[in-house]
1. Could you work out how much longer the chain between residue 126 and residue 53 gets when fully extended? Use 0.36 nm per residue separation minus the Cα distance between them, nm to one decimal.
2. List, in order, the whole-Hz ³J(HN,Hα) value for each residue of the range 162-169 obtained from phi through the Karplus relation with A = 6.51, B = -1.76, C = 1.60 and θ = phi - 60°; use x for Gly and Pro.
3. Excluding ligands, DNA and RNA, what is the solvent-accessible area per residue of the range 49-178 at a probe of 1.4 Å, expressed in Å²?
4. Each residue of the range 147-152 in order: what ³J(HN,Hα) in whole Hz does its phi give by Karplus 6.51 cos²θ - 1.76 cosθ + 1.60, θ = phi - 60°, with x for Gly and Pro?
5. Quick check on packing: order 57-68, 146-157, 42-53 by the mean number of other C-beta atoms within 10 Å, highest mean leading.
6. Amide H of residue 130: which non-local residues (sequence gap of 5 or more, or other chain) have their own amide H closer than 5 Å, using H built in the peptide plane?
7. Computing the accessible area with a 1.4 Å probe over protein heavy atoms, can you report the carbon and sulfur percentage for the range 49-101?
8. Quick check: pseudo-label points 7 Å beyond the Cα along Cα→Cβ at residue 153 and residue 34, how many nm apart are they?
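The values are calculated or read from the model by the stated rules, or taken from the named source; none is laboratory data. As the structure is a computational prediction, the values presented were derived from the model and not from experiment. Cβ placement follows ideal geometry from the backbone for every residue including glycine, while neighbour counts extend to all protein chains displayed. Ligands, DNA and RNA are excluded from the accessible area calculation, which covers all protein heavy atoms including side chains. Shrake-Rupley method; radii C 1.70, N 1.55, O 1.52, S 1.80 Å.
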Amino acid sequence: RTGGTNWYSSNTYGQSPDLIEPATHNVTRAFPFIVGSGFTANRIQFEITTAASGGNSNCNVGIYNDNGNLYPSTLVVDGGQKSTQSTGVKFTDISTSLSANTLYWLVYNCHKTPTFRSISQADIPSVLGWDANTPGASRQITGWTAPRTYASTLPGIFPAGGTPLLNVEGMLIQVRTQ
């Protein structure tokens with residue numbers, strides 16, 4: 001990054017995020033976010049393309065540190081609870097420094113099942129590799145999922161015992177620099 005205002009997301013291979021994907025409720029999902037040049041993030045956002053039905057429909061997004069073993073650990077910043085009962089971009093102004101050459105995790109947890117703008121699994125780098133449990137299968141591990149009943153804030157530590165997400169699109173979570 002050399003200056004100005006830039007947006008960063010779940011490390012796509014440069015493809016347009018034009019897919020839509022239904023959120024999975026009552027789980028916490030994490031997707032890799034590699035920061036090449038350090039920067040201060042001043043906004044985090046995601047986009048709802050189809051509103052969730054029923055009352056009390058919310059999502060949280062945030063950034064987690066990596067534990068050194070390609071798994072999310074401690075919460076860096078929580079983007080707060082955002083209603084998903086209407087479409088559009090949902091954002092939170094933040095102020096957090098992200099270090100150069102560091103793996104972070106963009107995370108979401110939803111109460112209901114809205115549909116959001118997403119990134120094709122083919123456009124997410126293979127940070128976690130490929131599923132070795134299915135010989136001959138080409139199932140990319142795109143992130144982690146862990147059961148967690150929705151709460152108004154993300155947990156301080158990512159839930160233990162998560163399972164790999166196989167060939168799953170990632171919610172387009174974007175982070176803006178100052």
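1. 22.9 nm
2. x, 10, x, 8, 9, 6, 10, 5
3. 42 Å²
4. Along the range 147-152, the couplings run x, 6, 4, 4, 9, 6 Hz.
5. 57-68, 42-53, 146-157
6. Result for residue 130 returns 141.
7. 44 percent
8. 3.3 nm
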